[in-house]
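Undergrad: Quick one: the structure is below, questions incoming.
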There are 2 protein chains.
Amino acid sequence: MYGPIIPQKTSVKTPTSLFSRRATALPAAPSEPKGAHAIAFDSGHAFPGILPDMTEAAERALTQYRSETLQYGARPGLMEMREWVVQYLEADGARISAQEVLMTNGAKHGIELICRLLLDEGDTIVVTAPTYLTSLPLFRSFGAGFIEVGQDDEGIDIDAIEESIAWLKQSGRKLPKFIYDVPDFHNPTGITMSRRRRQALVELAMRHGIFIVEDSPYRQIRFEGETEPSLKSIDSNEFVLSVGTFSKLLAPGLRVGWVVAPRDFIRRMALLKSDGGSSPLLQRMVLEFCKDGGVDQHTRLARSTYHKHRDRMVRAVRRDLAEAEMTVPHGGYYLWLTLPQHIDGDELAQRAMDNGVSIYPGSAFYAGQNDSYPRNKVPLKNNIRLNYSHATPDEIDEGVRRIAAAYDAISPKADAARDKAWAVRSA
Amino acid sequence: MYGPIIPQKTSVKTPTSLFSRRATALPAAPSEPKGAHAIAFDSGHAFPGILPDMTEAAERALTQYRSETLQYGARPGLMEMREWVVQYLEADGARISAQEVLMTNGAKHGIELICRLLLDEGDTIVVTAPTYLTSLPLFRSFGAGFIEVGQDDEGIDIDAIEESIAWLKQSGRKLPKFIYDVPDFHNPTGITMSRRRRQALVELAMRHGIFIVEDSPYRQIRFEGETEPSLKSIDSNEFVLSVGTFSKLLAPGLRVGWVVAPRDFIRRMALLKSDGGSSPLLQRMVLEFCKDGGVDQHTRLARSTYHKHRDRMVRAVRRDLAEAEMTVPHGGYYLWLTLPQHIDGDELAQRAMDNGVSIYPGSAFYAGQNDSYPRNKVPLKNNIRLNYSHATPDEIDEGVRRIAAAYDAISPKADAARDKAWAVRSA
């Protein structure tokens, strides 16, 4: 076709100094790959044994709907898909219209679009400490500062938010743009926000003119107890922007999710959706699968499966890691363990990895770093998060055993450190 | 489940004043929907008659690969997919490794990730005037300023870039971060950059430490003439970041594309890929379809189909819009028409729409607005862009006839304005 051009290697280096601030701030080294044969307690993967059979849905999407599914799709999503989401959320107490729904490539993409809509560099947001791990680098990439607040058994600490706001006002600073939270089976703590706390939170947001970003991927994965109303359903003044996903309802690989927000917000987010329309093929596959109650049926299967997995893991922890404290979550994917204070979760996670089980240390879930607000939390060192959705029941037993072995290996050392501290104090 | 909460509507308004600068800058009104029965000369859709049959690929992806395709995928993409891209680009003269490939949700997503990697608010980039319509709001959403340069038959105006750079240096300003261009069958002008211009461009970029973003979705859709080397293939020092897509090779609805860049760039872009891994299901479907030469076979079909479409449209324009000038493109999807100077492309597009055919006026392809650089281009008013990929051959004839009718309707008015101007000048 054309003759060879021999590129001359010169001494010129690609100028990485041209990276944006967000790219420069990224961690320098890639995160360590986990061992290929490790038991994975670190993921949000589905249990492979219950992945749905989507072959028929795909076949219909690619034949009956071929000229829809293989062409560019509308940026806000397929209208039928948006209407399906309306029905689905209506059954959950929210009253919205299809114009208030934007289809996305999963919930994280929804959070990103909310950030694109609301955040300028230097803006702040409120997050719980600890909070959803993966949301942190996303918020950071928008140059956001963090106000970290704690939680109790009823959920996010409203008083702490009020205090922070008062402090910001006093010092003449801008209020946070939004409060980000996972109100149902919080990731990582498993806490579900009480009804009165939800009402107080929505009222607070409205009073101060701050949005709430409600991220509730596990809401339908409830094993027991009463469902609390979604924040969106008690929000009469459109201060709640909610994100949802089929990752936990059907399968993560689909990458289909949504955002619910006021119409004008959705219109703008669609314009800011710079990758164009989300795949119409995946949306149509989901729609075809959902016909005749497919999603409800699969949700029931997920609930009963993960219920058993949770019970298995709780039993294993009580048996092999008896010193760990936990509040057994009523749903979701995770156990949050609080270990004796002298245990360093980072070290425990590293040693567990050496023993062939991957877990996240509690410290990974704190925004930290930012010291410009009075209430920022110092990561607690003595927590770990265990996922029970992905592993088989037998792997759950074996994984907890391996963590217990790692725990035993560092526990004496911690004892020694305590003894030493005691000796110093007594001297 | 829980009792009803009666939301009390108050007078509080959702504070749209909290929007980010990028969201505030968006156009206030939604763009007008085109008539449902209009002949579409405005899209980049595939011809429905050649959409590939992907049912078998989907079936295999959802059965043999179920536990890969329905789970979360790695952020950089499936390794097998990245290796496929390496092979594909190697056949096109580029020597890269899989670590230099990032899978994306289409080429626009690739451009977005490059922006996330490189652009801070207020940075500038070089674009051609006119340039790819859809890239403009994307660049704007990152707060980029534009340096617009023209093109001649050989492609982008290198001297104009040099002049702008000299001017920037003289006035103590930062150099642009990258030069964005569509070197093959440029969108909208159809120009393909000559080989010597390509070499000069890559040398310029290296000399000044500026990146080039090579966006070449139509490269394989060549009807005649010699392929020029890709910018990536003549770039020995990694100043070229290239984006690719299966949208034009297979089908737009798949939303599978890629970026090629140095390893460290890819690693960082993967971290900035805040929607997580692109759908492994779609990637595996593409891989399965590509086995046994599926993509080459489909590309041949697309070439011969669009070749006929182009010929049909060129004939129709010569017959019915004889006053339009054009350089017949050797490939791609678009005809760029230059009409007599007194014709207003915006008005013509509006009237064509009224006649039932949707086209883009030339003015839509200019960054414009920004007056802080000396060379920014005033949009030329007398151009329109016609797409020939989507419509049937008969619709192509009918669509051009309708445009010609719209043209005839405004042409006398333009004559009258010219006469009036002449009368004033003579007075």
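The values are calculated or read from the model by the stated rules, or taken from the named source; none is laboratory data. These figures come from a predicted structure and were not determined experimentally. All Cβ positions, even for glycine, are placed from backbone atoms using ideal geometry, and neighbour counts span all protein chains on display.
Every residue, every condition in (1) at pLDDT 95 or above; (2) under 24 Å from residue B:308 (Cα atoms); (3) outside the structural domain of residue B:123 (by TED's automatic domain parsing), yes or no:
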{"site": "B:355", "(1), (2), (3)": "yes, no, yes"}
{"site": "B:373", "(1), (2), (3)": "no, no, yes"}
{"site": "B:380", "(1), (2), (3)": "no, no, yes"}
{"site": "B:403", "(1), (2), (3)": "yes, yes, yes"}
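Undergrad: Please enumerate the residues belonging to the range A:50-72 that are hydroxyl-bearing (Ser, Thr, Tyr), more than 17 Å from residue A:276 (Cβ to Cβ) and either surrounded by 22 or more Cβ atoms within 10 Å (Cβ to Cβ) or in contact with a Pro (Cβ under 9 Å, 6 or more places away or on another chain) (or both). Don't jump to the end; show me each part of the working.
TA: Let us first name the residues in the range A:50-72 that are hydroxyl-bearing (Ser, Thr, Tyr), namely A:55, A:63, A:65, A:67, A:69, A:72.
Checking the rest, the ones that are also more than 17 Å from residue A:276 (Cβ to Cβ) come to A:55, A:63, A:65, A:67.
Matches in the range A:50-72: A:65, A:67.
Undergrad: Could you check the range B:234-252 and list, in sequence order, the residues that are hydrophobic (A, V, I, L, M, F, W, C), more than 17 Å from residue B:113 (Cα to Cα) and at the interface with chain A (Cβ under 10 Å from one of its Cβ atoms)? Give the derivation first.
TA: First, the residues of the range B:234-252 that are hydrophobic (A, V, I, L, M, F, W, C): B:234, B:239-241, B:243, B:246, B:249-251.
Next, only the ones that are more than 17 Å from residue B:113 (Cα to Cα) stay: B:234, B:246, B:249-251.
The answer is B:234, B:250, B:251.
Undergrad: Select from the range A:206-226 the residues that are in a loop (DSSP other than H, G, I, E, B) and free of Cβ contacts under 8 Å to residues at least 60 places away in the same chain and write down the one among them that is farthest from the other protein chains (Cβ to nearest Cβ).
TA: A:216
Undergrad: Moving to a separate point now. Would it be correct to say that residue A:23 is surrounded by 13 or more Cβ atoms within 10 Å (Cβ to Cβ), facing chain B (nearest Cβ under 8 Å) and modelled with pLDDT under 95?
TA: Spelling it out, residue A:23 is indeed surrounded by 13 or more Cβ atoms within 10 Å (Cβ to Cβ), facing chain B (nearest Cβ under 8 Å) and modelled with pLDDT under 95.
Residue-by-condition table, conditions (1) facing chain A (nearest Cβ under 7 Å); (2) at pLDDT below 95; (3) more than 21 Å from the chain's Cα centre (by Cα):
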{"site": "B:3", "(1), (2), (3)": "no, yes, yes"}
{"site": "B:8", "(1), (2), (3)": "yes, yes, yes"}
{"site": "B:17", "(1), (2), (3)": "no, yes, yes"}
{"site": "B:35", "(1), (2), (3)": "no, yes, yes"}
{"site": "B:53", "(1), (2), (3)": "no, no, yes"}
{"site": "B:57", "(1), (2), (3)": "no, no, yes"}
{"site": "B:63", "(1), (2), (3)": "yes, no, yes"}
{"site": "B:69", "(1), (2), (3)": "yes, no, yes"}
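Undergrad: If a residue must be touching a residue at least 40 places away in the same chain (Cβ under 8 Å) and facing another protein chain (nearest Cβ under 8 Å), how many such residues does the range B:281-301 contain?
TA: Looking only at that region, the number is 1.
Undergrad: Among the candidates B:311, B:275, B:320, which residue alone is at pLDDT below 95 and of a type in the set (Asp, Glu)?
TA: Criteria check complete, one pass: B:275.
Undergrad: Just checking, does the range A:154-162 include any residue being touching a residue at least 60 places away in the same chain (Cβ under 8 Å), more than 20 Å from the chain's Cα centre (by Cα) and more than 12 Å from residue A:129 (Cα to Cα)?
TA: Among the residues of the range A:154-162, not one is touching a residue at least 60 places away in the same chain (Cβ under 8 Å), more than 20 Å from the chain's Cα centre (by Cα) and more than 12 Å from residue A:129 (Cα to Cα), which makes the answer no.
Undergrad: For residue A:278, indicate whether it is within 14 Å of chain B (Cβ to nearest Cβ), without any contact (Cβ under 8 Å) to a residue 24 or more places away in the chain, of a type in the set (Gly, Ala, Ser) and not in a helix (DSSP H, G or I).
TA: no
Undergrad: Then there's this: Scan the strands (runs of 3 or more DSSP E) fully inside the range B:96-172 and keep the ones with 3 or more residues being at pLDDT 95 or above and either out of contact with any Gly (no Cβ under 6 Å at 6 or more places or on another chain) or among the basic types (Lys, Arg) (or both).
TA: Values: elements: B:101-104, B:124-128, B:145-149.
In the range B:96-172, the matching strands (runs of 3 or more DSSP E) lie at B:124-128.
Undergrad: Every residue in the range A:302-322 that is within 24 Å of the chain's Cα centre (by Cα) and either over 28 Å from residue A:403 (Cβ atoms) or free of Cβ contacts under 8 Å to residues at least 24 places away in the same chain (or both), please. Before the answer, list the steps.
TA: We begin by selecting, within the range A:302-322, every residue within 24 Å of the chain's Cα centre (by Cα); these are A:302-314, A:317.
Matches in the range A:302-322: A:304, A:311, A:314.
Undergrad: Inspect all residues belonging to the range B:176-188 and state whether any of them is surrounded by fewer than 24 Cβ atoms within 10 Å (Cβ to Cβ) and of a type in the set (Val, Ile, Thr).
TA: Scanning the range B:176-188 turns up no residue that is surrounded by fewer than 24 Cβ atoms within 10 Å (Cβ to Cβ) and of a type in the set (Val, Ile, Thr).
Undergrad: Which members of the range A:253-264 meet the condition of being buried (at least 24 other Cβ atoms within 10 Å of the Cβ) and facing chain B (nearest Cβ under 8 Å)?
TA: A:253, A:254, A:255
Undergrad: While we're looking at this one, here's another question. Can you say whether residue B:203 is of a type in the set (Asp, Glu), touching a residue at least 40 places away in the same chain (Cβ under 8 Å) and either out of contact with any strand residue (DSSP E or B) (no Cβ under 6 Å at 6 or more places or on another chain) or in a loop (DSSP other than H, G, I, E, B) (or both), as far as the supplied structure shows?
TA: no
Undergrad: While we're on this one: Do you know which residues across the range A:197-243 are of a type in the set (Lys, Arg) and either farther than 12 Å from residue A:260 by Cα or surrounded by fewer than 24 Cβ atoms within 10 Å (Cβ to Cβ) (or both)? Spell out the reasoning first.
TA: Restricting attention to the range A:197-243, the residues satisfying the condition of being of a type in the set (Lys, Arg) are A:197-198, A:207, A:219, A:222, A:232.
The answer is A:197, A:198, A:207, A:219, A:222.
Undergrad: What are the residues in the range A:73-99 that are within 12 Å of residue A:278 (Cα to Cα) and crowded, with 20+ Cβ neighbours inside 10 Å, if any?
TA: Within the range A:73-99, A:73, A:76, A:77, A:78, A:81 qualify.
Undergrad: Then there is this: Any idea how many residues of the range A:116-141 are free of Cβ contacts under 8 Å to residues at least 40 places away in the same chain, within 8 Å of another protein chain (Cβ to nearest Cβ) and within 25 Å of residue A:262 (Cβ to Cβ)?
TA: Looking only at that region, the number is 2.
Undergrad: Can you give me the number of residues within the range A:71-81 that are charged (D, E, K, R), modelled with pLDDT of 95 or more and assigned to a loop (DSSP other than H, G, I, E, B)?
TA: 0
Undergrad: Are any residues in the range A:265-275 more than 7 Å from every other protein chain (Cβ to nearest Cβ) and not aliphatic (A, V, I, L, M), and if so, which ones?
TA: A:265, A:273, listed by residue number.
Undergrad: Same structure again: Looking only at the range B:73-96, how many residues end up being more than 23 Å from residue B:227 (Cβ to Cβ) and in contact (Cβ under 8 Å) with a residue 24 or more places away in the chain?
TA: 9
Undergrad: Oh, and also: All but one of (1) among the polar types (S, T, N, Q); (2) surrounded by fewer than 23 Cβ atoms within 10 Å (Cβ to Cβ); (3) in contact with a Lys or Arg (Cβ under 7 Å, 6 or more places away or on another chain) hold for residue A:105, so report the exception by its number.
TA: (2)
Undergrad: When you go through (1) more than 9 Å from chain A (Cβ to nearest Cβ); (2) over 14 Å from residue B:154 (Cβ atoms) one by one for residue B:191, which number turns out not to apply?
TA: With (1) more than 9 Å from chain A (Cβ to nearest Cβ); (2) over 14 Å from residue B:154 (Cβ atoms) applied to residue B:191, the lone miss is (2).
Undergrad: Checking the structure you have, find out if any residue of the range B:327-335 is assigned to a loop (DSSP other than H, G, I, E, B), modelled with pLDDT of 95 or more and more than 20 Å from the chain's Cα centre (by Cα).
TA: Among the residues of the range B:327-335, not one is assigned to a loop (DSSP other than H, G, I, E, B), modelled with pLDDT of 95 or more and more than 20 Å from the chain's Cα centre (by Cα), which makes the answer no.
Undergrad: Which residue pairs have Cβ atoms under 6 Å apart, sit 6 or more places apart or on different chains, and have a first residue in the range B:54-72 that is in contact (Cβ under 8 Å) with a residue 40 or more places away in the chain and a second that is among the small types (Gly, Ala, Ser)?
TA: B:58/A:58; B:62/A:58; B:69/A:253; B:69/B:61; B:70/A:251; B:70/A:253; B:71/A:253; B:72/B:277
Undergrad: From the list B:40, B:46, which one is outside the structural domain of residue B:175 (by TED's automatic domain parsing) and buried (at least 22 other Cβ atoms within 10 Å of the Cβ)?
TA: It is B:46.
Undergrad: Would you mention how many residues in the range A:269-284 are more than 24 Å from the chain's Cα centre (by Cα), closer than 30 Å to residue B:53 by Cα and aliphatic (A, V, I, L, M)?
TA: Final tally of qualifying residues: 1.
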